[in-house]
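Here the structure comes first, spelled out in structure tokens, and everything after it is commentary.
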Amino acid sequence: MCRILFAMGDGDELKPLAEALRKSAEYDPYRERKSGKTSHADGWGYVILREDGIAHYRSPRPIFEDERGFSGLLDNLRGEAVLMAHARAASQGAKSLFNAQPLSFSSRKGFSFWFSHNGDLDKETVIERAGFEREHFEETSDSYAFSAYLCRLLDGPSVESLIEHYSFGASVSRTTFNTMTLFLMPDGSWKAFITAYMSPTYYHNALHRDYAKLIKLSRPFAIASSTLELYHGADWVEIPNGTAYLIEPGRFENLKLG
């Protein structure tokens, strides 16, 4: 699985969080205790949204080896910014640039979005429900399959549509369904939707839970994979299982998957 980060605020205040993501991808004690593996080295990427533009980057290289790419992330964190970043540890699909996240989609229903996911889904069920042809998804990640599903079936970032389709995602999760989605609307406004979910068997295993939980920080606002608390000391709070957040400028709504 992967390490993920969503953060918003002054760019200079977000840079230490980005550094913590990089360090957590290079050496993850939680992953080592769970599986013996220590890193998240199967590609990485970010999207940064500012008032004056968007920067989107993906690479098949590990975040901790991609000096030029990571410098670009830091350079783009200036002024008020929204950051979504992902470091991949592949569970399904090829280890390739194609499967690096955040993934980008534009819907025929009038919105664009970037999607990041940490977990392992029943990809076949997602493909079947979306009405896709299986042969087109043989080398794609489960994350790609679900974001393509969203592009086809999500009506838009309304509470009703988000809860319906992301609850389906949680229902086909084999481990976790931790997701971060940044929506861009035609008028230039944005919304973010974040889910924190572990399957019951995963949640009740302490090693899995420590590794997979999401944590939240108030200042600057951030939601991240658990390992970041080891590299960025702050007042992190664990997010309750099954929680979803809908975030807009000046507005924060706490929701429940179900």
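The values are calculated or read from the model by the stated rules, or taken from the named source; none is laboratory data. What you see is a predicted model; the values in this text were computed from it and never measured. All Cβ positions, even for glycine, are placed from backbone atoms using ideal geometry, and neighbour counts span all protein chains on display.
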Checklist entry - Within region 204-237, how many residues are charged (D, E, K, R), loosely packed, with under 14 Cβ neighbours inside 10 Å and either at pLDDT below 95 or touching a strand residue (DSSP E or B) at 6+ places or on another chain (Cβ under 6 Å) (or both)? => result 1
Next on the checklist: Which count do you get for residues in region 219-255 that are in contact with a Gly (Cβ under 6 Å, 6 or more places away or on another chain) and of a type in the set (D, E, K, R)?
Outcome noted: 0
Checklist entry - Going by the conditions given, is Arg174 farther than 30 Å from Gly250 by Cβ and in contact with a strand residue (DSSP E or B) (Cβ under 8 Å, 6 or more places away or on another chain)? => result yes
Next on the checklist: Tell me yes or no: at least one residue of region 86-96 is under 30 Å from Gly156 (Cβ atoms), in a helix (DSSP H, G or I) and in contact (Cβ under 8 Å) with a residue 12 or more places away in the chain.
Outcome noted: no
Next on the checklist: Any residue that is among the aliphatic types (A, V, I, L, M), touching a strand residue (DSSP E or B) at 6+ places or on another chain (Cβ under 6 Å) and not in a loop (DSSP other than H, G, I, E, B) - is there at least one of those in region 99-112?
Outcome noted: yes
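Residues checked against (1) within 20 Å of His117 (Cα to Cα); (2) in contact with a helix residue (DSSP H, G or I) (Cβ under 7 Å, 6 or more places away or on another chain); (3) in contact (Cβ under 8 Å) with a residue 40 or more places away in the chain:
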| site | (1), (2), (3) |
| --- | --- |
| Ala192 | yes, no, yes |
| Thr201 | yes, no, no |
| Arg209 | yes, yes, no |
| Ile239 | yes, no, yes |
| Phe252 | no, no, no |
| Leu257 | yes, yes, yes |
Item to check | Considering residues of region 97-152 that are in contact (Cβ under 8 Å) with a residue 24 or more places away in the chain and of a type in the set (Phe, Trp, Tyr) only, the residue surrounded by the fewest Cβ atoms within 10 Å (Cβ to Cβ) | outcome: Phe98
Checklist outcome for this item: Requiring at least 2 residues that are surrounded by fewer than 18 Cβ atoms within 10 Å (Cβ to Cβ), within 14 Å of the chain's Cα centre (by Cα) and not small (Gly, Ala, Ser), the helices (runs of 4 or more DSSP H) wholly within region 1-77 are none
Checklist entry - Any residue in region 174-183 that is without any contact (Cβ under 8 Å) to a residue 24 or more places away in the chain and either among the small types (Gly, Ala, Ser) or within 21 Å of Met84 (Cα to Cα) (or both)? => result no
Checklist entry - Would region 159-175 turn up any residue that is crowded, with 20+ Cβ neighbours inside 10 Å, at pLDDT 95 or above and among the charged types (D, E, K, R)? => result no
Checklist outcome for this item: Checked Thr181, Thr195, Thr201 against criteria (on the phi < 0 side of the Ramachandran plot, in contact with a Leu (Cβ under 7 Å, 6 or more places away or on another chain) and either surrounded by 19 or more Cβ atoms within 10 Å (Cβ to Cβ) or at pLDDT below 95 (or both)); the one match is Thr195
